[in-house]
Amino acid sequence: MKNLFMIFLILFLFLFPLVNYAQTFLISDLSECNVISAGIDTAINQFNTGITDIGFCRNNKPAKRYFNPIKDFTNDPDLWISMNGQLIMIAVVVILFIIIISFVSKLRNLNKEVKNISEVYKNLYRNQTVKLRKDNKQYQKEIEDFRKLEKKFKNLQKVNDDLKELSEKQRQLQEAVENMKLGVTITDIEGSIKYTNTAFSKMLGYKSSELFGKNMKILIPEVLGEPNTYKNKEVWQNMIKKNAMMKKDGNLISIQSFSNLIYSEKGKPVAIVTSAEDITERSKSEDALRTSEENFRRIFDNIQDIYYEVDIDGTIKEISPSIKFITGITREELIGNKMASLYFDVKQRNNFVSALKKEINVNDYEIALKGKDNTSIPCTITAKLILDQSKIPSKIIGSVRNITERKRAEDKRAKSMKELKIANKELTDFAYITSHDLTSPLRAINTIATWIMSDYGDKFDDQGKEQMNLLIGRAKRMHHLINGIYEFTNIINFTGEKISFDMNTLVKDTIGRMKLQDNFYVEIKNQLPVIFFEKTRMEQIFENLIDNAVKFMDKDKGLITIGCQETRNNWEFYVADNGPGIAKKYQDKVFQIFQTLNTRDELESTGIGLAIVNKIITKHNGSIWIESEPEQGTTFFFTLPKKEIIKK
């Protein structure tokens, strides 16, 4: 309503000027009609020429007459309408035009307002968009910050998990270090002990608590060197060192150690970690091995025999320098060449290789090496085929010995043996001739002398009787000497049959045959063995040893002790007596043939009994010796190898 009122007010304000304009236009242009225009105060202000028809003149203004349209409309509406119909229509049109213009203006204003509102909303939208974008950026930043926080949280969580894992690994590592067989210690950079594992403490005889806080100087006295510190890191860092440490009991042990610095996160050295191993026994073994290797090298370089090592294809990998002294070819010339080039006879080499393939080990196989001057050098070769883990032959090692001198000696020995055999035959023949051809005349001389003494003894004076008795004694002695020579040559040239027998029975039977006097007592100290030997020769041994004890006994009561003991390789027998004893300087002499310590006139003896004993024992690879002191009795010891007296 308010808007409508404003419209009518506007129309009213603009209507009359418009009507007046219209009246002027109408009055001037529409002459056919009588037109009079009056103002609101009813005074006539305009009229056209048509008023002349009703008694008005344009030049002469009529008397003033007021035009009152309201009064005229009231007095005669129809007339008023008929007179003002066009004016009304124009007014209506104008009003409508004004309304339209007003509406258009309103529309324009409305459109402007809409534009303003749109602009406001655009600005608002723009501001809101900017704000939203800003808020979105802030939100995105907050989201990014949140994501960063989330990532940091996850990282922290991962760090926490890593710390837990690290803590567990650290615990496992500490437990592993604590239970290591290798000794581990951690010190500060000045050498003060901060940690030792069980192995380190035990290795030095301490408890870990006893070492904590102590300086390494208690383990490494000044005489042994300086402990590891930061100041002397150049002599120990990242190095394997061998030195000595002192145990709690004061004994020294050999140590092999490896040390390194521990740094803080800022790169500052904070500690020294050392691993140590007791190598005392290993050092002894290494020293022994080194000594052995040095000895082997000295032997290798100076040995007269040839040591060699060849591949399975026969290529020489190593050979001792002694090859030069035997063949004239140097070691350097042979290494890398074939072993076959050293053989004088290819057939010999092929036979040797065949034997090696069959036996794997071949000892003292006779071959001939080829010298540099193409001479034949007699040698013996020893070889061993070395197999790898798969039992496949990998190399051959062995030695070669020059037997040139041995061959010469063997030839000489063979010649000597031949000569000895001839000499023994001649000696046997001589013994036979002596025992048969000389025994009969001696027996005849003895018989005649005995008859003369029997038939004419009363005819001789004392000196004659003494001479005749001396003749009879010398004949008997000569007879015993001849028999001794015969027995001695029989021992050299003849070997009897070996049989098994009990030594206890043999000794008792021998004593029984000898018919010792009552003042002699023979004691068998322990059980004697059963042996496989020439029984007659064993009887001769004990008979001669017992007879020697009886013959030289100087005590009223003679005691003879017989016994034995078993050693690793031999049986050792002894015959002891309580006689006068034998001085050391005569102990070797008694085993020589025809040697006696007393003159034969003082004590009748051929001096061949102990020589026979010695010959029997040495012939069977045994040995005999005397242990005696003057006036302390005599003990004869003799040994026989088990392989000689045990039945195979």
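For the reader, a short list of remarks on this structure follows.
- Karplus-derived HN-Hα couplings along the stretch 368-383 (A = 6.51, B = -1.76, C = 1.60, θ = phi - 60°), whole Hz, x at Gly and Pro: 10, 7, 9, x, 4, 8, 6, 8, 8, 10, x, 8, 10, 10, 10, 9
- Globularity ratio of the stretch 295-402, using Cα Rg and 2.2 N^0.38 Å: 1.02
- In Å², nearest 10: area of Lys615 left accessible to a 1.4 Å probe: 70
- Taking all protein chains together, Leu224, Leu342 sort by accessible area into Leu224, Leu342, largest first [probe 1.4 Å].
- Radius of gyration and Dmax over the Cα atoms of the stretch 157-215, both given in Å: 14.2, 46
- Converting the Cα gyration tensor eigenvalues of the stretch 190-330 into ellipsoid dimensions via √(5λ) gives semi-axes, longest first, of 48, 19, 13 Å.
- Per-residue surface analysis assigns Thr280 an accessible area of about 30 Å², computed on protein heavy atoms at 1.4 Å probe radius.
- In terms of accessible area, using a 1.4 Å probe and ignoring ligands and nucleic acids, Arg282, Arg108 rank largest first as Arg108, Arg282.
- Built amide H within the under 5 Å cut-off of Lys214, gap 5+: Ile193
- Net length available on complete extension from Glu629 to Lys284 is 119.5 nm, with 0.36 nm assigned per residue and the Cα-Cα distance removed.
- The stretch 322-374 - Rg over Rh from alpha carbon coordinates, Kirkwood radius: 1.00
- Couplings 3J(HN,Hα) for the stretch 329-337, derived from phi with the Karplus relation 6.51 cos²θ - 1.76 cosθ + 1.60 (θ = phi - 60°), are 9, 7, 4, 5, 6, 8, 4, x, 9 Hz, where x marks Gly and Pro.
- Stretchable slack from Leu516 to Asp588, in nm (0.36 nm times residue separation minus alpha-carbon distance): 23.2 nm
- Bridgeable lysines around Lys106 (alpha carbons under 18 Å apart, same-chain partners fewer than 8 residues away excluded): Lys2, Lys115.
- Close amide-amide hydrogen proximity is noted between Val522 and Ile560, each under 5 Å apart and 5 or more residues distant or on a separate chain (H modeled in the peptide plane; Pro and chain starts excluded).
- Residue by residue, the stretch 414-419 carries 3J(HN,Hα) couplings of 4, 5, 5, 5, 5, 5 Hz when phi is fed to the Karplus relation 6.51 cos²θ - 1.76 cosθ + 1.60 (θ = phi - 60°); x denotes Gly or Pro.
- Set the Cα radius of gyration of the stretch 495-645 against 2.2 N^0.38 Å, with N its number of residues, and you get 1.01.
- Probe 1.4 Å, protein heavy atoms only - accessible area per residue of the stretch 495-645 in square angstrom: 52
- Charge dipole (Cα centre; +1 on Lys/Arg Cβ, -1 on Asp/Glu Cβ; no other charges) of the stretch 529-584 amounts to roughly 120 debye.
- Whole-angstrom Cα spans of the stretch 126-169 along principal axes, big to small: 61, 5, 5
- Computed over the stretch 221-268, the percent of Cα pairs more than 13 Å apart is 65.
- Amide H contacts under 5 Å for Ser254: Ile279, Thr280, restricted to partners 5 or more places along the chain or on a different chain, H placed in the peptide plane at 1.01 Å from N.
- Theoretical FRET efficiency, 1/(1+(r/R0)^6), r = Cβ-Cβ of Ile499 and Arg406, R0 35 Å, to 0.05: 0.40
- Met89 paired with Lys202, simple spin-label distance in nm, labels 7 Å along Cα-to-beta-carbon: 13.8
- Estimated FRET transfer efficiency when R0 is 56 angstrom, pair Glu359-Gln527 (beta carbons, to 0.05): 0.80
- In the stretch 495-645, taking the dipole from charged Cβ atoms about the Cα centre, the farthest positive-side position among Phe520, Ser623, Phe636 is held by Ser623.
The values are calculated or read from the model by the stated rules, or taken from the named source; none is laboratory data. This structure is a prediction, so every number in the text was calculated from the model and none was measured. Cβ sites come from the backbone with ideal geometry, for glycine too, and all protein chains shown count toward neighbours. Heads up: the accessible areas ignore ligands, DNA and RNA and are worked out on the full protein's heavy atoms, side chains in. Shrake-Rupley method; radii C 1.70, N 1.55, O 1.52, S 1.80 Å.
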